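The values are calculated or read from the model by the stated rules, or taken from the named source; none is laboratory data. Not measured: the values here are computed from a predicted model. Heads up, the Cβs are rebuilt from the backbone with ideal geometry, glycines too, and the neighbour counts pull from every protein chain shown. Just so you know, the surface numbers come from the protein's heavy atoms only, side chains and all, with ligands and any DNA or RNA stripped out. Shrake-Rupley method; radii C 1.70, N 1.55, O 1.52, S 1.80 Å.
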Amino acid sequence: MKLLNSLPTQIGAASVLFVLCLIIPMTTSLAQGIHERKLLSWQGVEHLKTGQMSLVIKYEGDPNLDLPLSSVPKSWFNLSLSSDTAGTTIDSPAILGWLYKQNPGLVEGILGTNGNIASITNIFPHYPVAYTVSFLKQLAKEHINPDQFGGPDVKPGSVPYQQLSDGLLHVDTLADNNTLVQCSPNAIPQELIAISHKNAVDGGVSG
């Protein structure tokens, strides 16, 4: 009994439990009430009266995320959005790339590859991320792969939109679109891998 109560033994036991938690991940799912952010677009916005610039991340069914920016080239804000605001093009790679150089972890979190899922080392996660079809189509149109900003590897034209059962490409889940697992930077989302495998096996048609 004294051995169990000794400090070195307790530290050793805690260390073993910590390692086991790292090896055996916490299993959570969207069905447990965890909210998922559905990405629609990003756009740089300049408020002409104040000169304040920001990156606005738009979501389906959620408020925009407004990130203040500084020292961004004014020439990028070449679209008139209103009488007192100007903007970059939708999903401009230049402005997201600029922010990625300044704060890569932040951009990875927005795109679903950094700190989006709870774990023993991340007890206050960001939201898990999914990509809407409209967002995916815009990326494909602009020949943008999110992996160039540390996001998932979603090659332009690689997504069979009609095979996304709920109109979303889930980034931070297993292929069941429900069990939450952090997607790593530059990794192909599990759902896309599963669809590609199914198509290779049974000749499913993309759309």
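So which of Lys38/Lys155; Lys155/Lys198; Lys101/Lys137; Lys49/Lys141 end up more than 21 Å apart by C-alpha?
Lys101/Lys137; Lys49/Lys141, as the Cα separations exceed 21 Å there.
Per residue of segment 166-177, what does 6.51 cos²θ - 1.76 cosθ + 1.60 with θ = phi - 60° give for ³J(HN,Hα)? Whole Hz please, x for Gly and Pro, Karplus curve as stated.
Computed from phi, the couplings for segment 166-177 are 10, x, 9, 9, 6, 8, 9, 9, 6, 5, 7, 6 Hz.
Using modelled backbone amide H atoms (1.01 Å from N, in-plane), which distant-in-sequence or interchain residues come within less than 5 Å of Ser92's amide H?
Amide H neighbours of Ser92: Gly44.
Which value in nm describes the separation of the simple spin-label points at Asp66 and Ser80, placed 7 Å from the Cα toward the beta carbon?
2.3 nm
From the mean inverse distance of alpha carbon pairs (Kirkwood) and the Cα radius of gyration, derive Rg over Rh for the chain.
My calculation puts Rg/Rh at 1.09.
By how many nm would the segment from Asn199 to Gln138 grow when fully extended, if each residue of separation counts as 0.36 nm and the alpha-carbon distance is taken off?
Working: separation 61, 0.36 × 61 = 21.96 nm, distance 2.36 nm.
Residue separation times 0.36 nm, minus the Cα-Cα distance, leaves 19.6 nm.
Taking the convex hull of the alpha carbon atoms in segment 80-200, what volume per residue do you get, in Å³?
Output value, Cα hull per residue: 127 Å³.
From the C-alpha gyration tensor of segment 78-150, pull out the three semi-axes of the equivalent ellipsoid (sqrt of 5λ each), sorted largest to smallest, in whole Å. Before the final figure, lay out each step's value.
Details: eigenvalues 138, 45, 31 Å².
For segment 78-150, the ellipsoid semi-axes come out as 26, 15, 12 Å.
Solvent-accessible area per residue for the chain at a 1.4 Å probe radius, Å²?
55 Å²
Which aspartates and glutamates, if any, have their Cα less than 13 Å from the Cα of Lys74, not counting same-chain residues under 8 positions apart?
List returned: Glu46.
Taking the 0 to 90 degree range and rounding to the nearest ten, how far is the long axis of helix 7-23 tilted relative to the main principal axis of the chain, both from C-alpha atoms?
Taking the Cα atoms of the chain, the angle to 7-23 is about 50 degrees.
Which whole-Hz ³J(HN,Hα) couplings does segment 153-158 yield from phi under the Karplus relation 6.51 cos²θ - 1.76 cosθ + 1.60, θ = phi - 60°, glycine and proline marked x?
7, 10, 5, x, x, 8
Measure off, as a whole percent, the carbon and sulfur share of the 1.4 Å-probe accessible area of segment 71-116, all protein chains present.
Looking at segment 71-116 in its full context, I get 54 percent from C and S.
Sort 88-97, 45-54 by the packing proxy (mean of other Cβ within 10 Å over each peptide's residues), most packed first.
Descending packing order for the listed peptides: 88-97, 45-54.
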